[in-house]
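Written below as structure tokens is the structure these notes are about.
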Amino acid sequence: MLDGVKSLAKGMGTTLKALAEPRDTYPYPEKRREYSPRFRGKHMLAKDEEGHELCVGCGLCEAVCPAHAIRVVAAEAPGDEPVSWTSRYAVDYEVDLIRCIFCGMCEEACPTNAVRLTPFNELAAYSREDMIADKEELLRPAIRK
Amino acid sequence: MVKLTIDDQEIAVPSGTLVVDAAAKMGIEVPVYCYHQALGPLGACRMCLVQIEKMPKLQTACTTPVAEGMVVHTGGPAVEKARNGVLEFLLINHPLDCPVCDKGGECFLQDYAFRYGPSAGRFEEPKIQKLKDAPINEFVLIDQERCVLCQRCVRFMEEYVGEPQLMLEGRGVETVVTTVDHQPATSQFTGNIIDLCPVGALLSKPYLHKARPWNIERQESVCTMCPVGCTTLATGRDGRIVRIEGRPIPERSWGWLCDRGRFGYDYAIDPTRVTGSFLEGQPEAAARTTRRVGQWFTEVIAEHGPNSVAFVMGGMHTMEEARQLQRFATRAVGTSRLAISRDVPGYLPRALNGTFQDIESSDAIVLVGVDPYEAIPVVHLRLRERQKALPGMRLYGVAPRSLTRDTLPVNSLLTHVGEEAALLAAALRLAAGDHPAVRALGEAAVASHIDQEQLTGLSAALLESEQLTLLWDGQEPEVESVLVALATVRGDKPTRVLPTWGPSNWRGFELAGFPARIEALTEVLEDAKAGKIQMLVLWGCDLLREYPDQQLVRDAYAKVPFLVAEGLFPPSEAERFHAIVPQAGPGEVMGTYVNMEARLQIANPSVQPPGQARPTKTYVTAWAHALNQTFRDEEDWDPYDESGDLLPMQPLEQAIKPLTAALAVKEGQFELVTGVLVIENGIPSAILKPRKPEYPGRISVPDAEALGIADYGVVRISKNDHEIEVPVSVDPAMTPGRVYVPLGMASMPVNAVGTGWVEVIRLEEVHSA
Ligand code: SF4
Ligand code: SF4
Ligand code: SF4
Ligand code: SF4
Ligand code: FES
């Protein structure tokens, strides 16, 4: 009998102690966790200070991707208006976020540091098409709402 | 044979062999930049340094011939240090361009730097900046920063092609490759320098930034633009062919291409290409069109018998496709009316057919009618190579226009139109007049004024040479008899002929069972004109553009109730056709092409046919079905049965027919001369457009003056109520009294007037340059 009361008190003690401790869970989505800047989430394509795209469409990320998730189509910059910082740029750049395994190899392979994996990880959509991020989408890095 | 040791292995090679080639024979790769077998040694890049025992310093393997007992080391600390140094120097001013460089991934600078080079350079000063992506011409760009100054491109143009349009400019680190006078290079062989350049300095403009080596697929293919049938590699990406490269064949071909073949691949995506079916001029579903045509077959055969159907083969089809159509025609339909679309009337018995190797060993070559530079460009390079190897080689031309060029001096004998056979016969009579074969040719007189000395020279070339090769454009059918007589007179001494006419695969069509002589086609057309043909099926050909007598084609078309065409492009006057179905072209089907050497060459497909385009088999299977027959393709027919990739020789048994008299010379009239211009062979290309001559006709300087044409103008050429309008340019190489119009141009169909004597008047002066 006494033993029972003792263990009950011990159990309640643990519960009461935990009540006062800081929490490990978050009330998502009201509150969100801050990830390390090195977190490998959704990709982005960076630009330089003058607004030129860093990606030159070299296709190395495409080649290195173990999941074949990237598609790059390069072209010569139209007219005298450079899109990237050289005369070659990517007209088409797609990442299939369903295929991607977020290994970060593309980021590592990129000679211009154009493709980067951001901490953004809220990847959900109603259709497969919406999970293919095109160039335009990647050029405006996703912001968590 | 000389014995030497390379890397501890012994080898015996012919004397005069260079160390680099001897090593290559043993499978030892010595890195090279400037050396290329076709161009010979130069010793400019120092990449090939090797150590040779008893020589105090390292030697360049590309300039050192082998010697008895030589001991060569292609590795070791000294060689490695030297290579390392050479590469460090090369990279001093080399930009960090690999990610944006089209050669990246297939570049010898990358490969060698990776294998032999230093991991980092010590040079920290800013790199010298030079021109990037500057045009060499419409097709080739140069990035001078990436150039390693190996001079392959310069030497190829200057020494090999003989058109020195590239040069080195500047000194020391400022040296750059550029065009002479900074004018665009006009040669038709410029594309080859892209293949030759070991680094990414010379780039293909249409391919610029299109793909990287890892996202393309290269397929071995064959160029079908002309009967030379150069071997190619087709690069496919995303369902399109985006590049054509040369494919060298050891001991046989350097892999050169002309710009027509290299850059003309975009016909496959040309907006004029037929990719859907048409029934009575209206777009129609493929299945319905095929079914309707099947019904026509059934009805026509039921009502008029199988022989009221005729098939004409042409275009860029494979031999297998020709065989399928032939089997369908003869077995399912049961007709005997077959023909090949021909644009010139000549025919060459296979007994006389030569190969390119014959050119390489001939001591006399005679061009009959054909200008190789314009009609069969890569053969022009082969002829040049032979002329350089044997400076005393007898090279004659017999044609109604001068065939000599700066790059290939020819003793050109100028005949009247239609007198080539008579002139050749006259040359034969000169030295072998008593031979029965020559007597069988008769005594047709020659009206052309030929220098007696020239004629004796030609006669000697024809009869006294040890090995004789002739190139013949087939415009004059009687030449065949002369060639047979010539071969008979020469007996054991080899006499070989290369037929230079199209369609490029006509030998393949012939092998598949289509009669190749033009008489078969003429008969089909005459029968059609006489109302004996109810259904005419044209496979890939455009008779109005091709057949020498346009009027006959027109008359024939008018009498045929069912005109059916298959092809890559709509035939001329497409509205006359009752059904048009799309063709799957070269690069889209697998098959064999037989070139002018009678050599069988396989082409692999790179891409899928666009739209509704289907290979021949799809159509014939469906139509056979309509005729209640099963079309089976598997059979014992193997074109390679006979003798591997070269069709076997046949005994020469053609009869020699007496020559007819030439056309009478008509005072005050012009002679219309024609010939193939490969860039205007009827296959459209947006890439090649800037190269197509705006004024393809040609007249001589005095005639231009008389007609009041300064540099360019438009003339009307007429004969017997038929006329064509031809934009002409003034050509100093033209003979007065003659006008030249390329063969088979839809906008100025020579076959509407026919060659020979014509009237020429000026229409208007367009402008003068
Ligand atoms: S993102 Fe980087 S690696 Fe990928 S294509 Fe662009 S430049 Fe090349
Ligand atoms: S030439 Fe070769 S080494 Fe130079 S940028 Fe191009 S790929 Fe790189
Ligand atoms: S452009 Fe290319 S082929 Fe020509 S010299 Fe430079 S590296 Fe050699
Ligand atoms: S020579 Fe003829 S076959 Fe060769 S690349 Fe040129 S067009 Fe093609
Ligand atoms: S390859 Fe021998 S010096 Fe260039």
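The values are calculated or read from the model by the stated rules, or taken from the named source; none is laboratory data. Only a predicted model underlies this, so the values are computations on that prediction, with no experimental measurement involved. Neighbour counts are summed over all protein chains in view; Cβ atoms, including those assigned to glycine, are modelled from backbone coordinates with ideal geometry. For accessibility, only protein heavy atoms count, side chains too; no ligands or nucleic acids. Shrake-Rupley method; radii C 1.70, N 1.55, O 1.52, S 1.80 Å.
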All positions within the range B:391-444 that are without any contact (Cβ under 8 Å) to a residue 24 or more places away in the chain and charged (D, E, K, R): B:Arg429, B:Asp434, B:Arg439, B:Glu443
The range A:109-121 residues that are more than 16 Å from ligand 4 (Cβ to nearest atom) and assigned to a loop (DSSP other than H, G, I, E, B), paired with ones that are open to solvent by less than 30 Å² (accessible area, probe 1.4 Å) and among the basic types (Lys, Arg) (beta carbon under 6 Å, 6 or more apart): A:Thr118/A:Lys42; A:Phe120/A:Lys42
Enumeration of residues in the range B:103-151 that are more than 13 Å from ligand 3 (Cβ to nearest atom), within 14 Å of chain A (Cβ to nearest Cβ) and open to solvent by less than 30 Å² (accessible area, probe 1.4 Å): B:Gly104
Given (1) within 14 Å of chain A (Cβ to nearest Cβ); (2) open to solvent by 20 Å² or more (accessible area, probe 1.4 Å); (3) at pLDDT 95 or above, number of the condition B:Ser204 does not satisfy: (2)
All positions within the range B:696-710 that are open to solvent by 30 Å² or more (accessible area, probe 1.4 Å) and within 32 Å of the chain's Cα centre (by Cα): B:Arg698, B:Val701
Positions within the range A:77-86 being open to solvent by 20 Å² or more (accessible area, probe 1.4 Å) and under 29 Å from the mean Cα position of the chain (by Cα), in sequence order: A:Pro82, A:Val83, A:Trp85, A:Thr86
Set B:Leu511, B:Leu486: member being more than 16 Å from ligand 1 (Cβ to nearest atom) and surrounded by fewer than 24 Cβ atoms within 10 Å (Cβ to Cβ): B:Leu511
The range A:125-145 - residue that is modelled with pLDDT of 90 or more and of a type in the set (A, V, I, L, M, F, W, C) and, of those, surrounded by the fewest Cβ atoms within 10 Å (Cβ to Cβ): A:Ala125
Segments classed as helices (runs of 4 or more DSSP H), wholly inside the range B:94-209, with at least 2 members that are more than 16 Å from ligand 5 (Cβ to nearest atom): B:108-116, B:192-196
Hits in the range A:40-76 - residues which are open to solvent by 70 Å² or more (accessible area, probe 1.4 Å) and either over 18 Å from the mean Cα position of the chain (by Cα) or away from every other protein chain (no Cβ under 11 Å) (or both): A:Arg40, A:Lys47, A:Glu49, A:Glu50, A:Pro66, A:Glu76
Any hit, the range A:77-86, residues being of a type in the set (Phe, Trp, Tyr), more than 9 Å from ligand 1 (Cβ to nearest atom), in contact (Cβ under 8 Å) with a residue 24 or more places away in the chain and more than 11 Å from every other protein chain (Cβ to nearest Cβ): no
Selection status of A:Cys65, closer than 29 Å to B:Pro206 by Cα and within 16 Å of ligand 2 (Cβ to nearest atom): no
Strands (runs of 3 or more DSSP E) completely within the range B:387-483 that count 1 or more residues being open to solvent by less than 10 Å² (accessible area, probe 1.4 Å), out of contact with any Phe, Trp or Tyr (no Cβ under 7 Å at 6 or more places or on another chain) and basic (Lys, Arg): none
Pairs with Cβ under 8 Å, 6+ apart, first in the range B:55-69 and more than 22 Å from B:Cys34 (Cα to Cα) and open to solvent by 60 Å² or more (accessible area, probe 1.4 Å), second away from ligand 2 (no atom under 16 Å from the Cβ) and outside any loop (DSSP other than H, G, I, E, B): B:Glu68/B:Val2; B:Glu68/B:Lys3; B:Glu68/B:Leu4
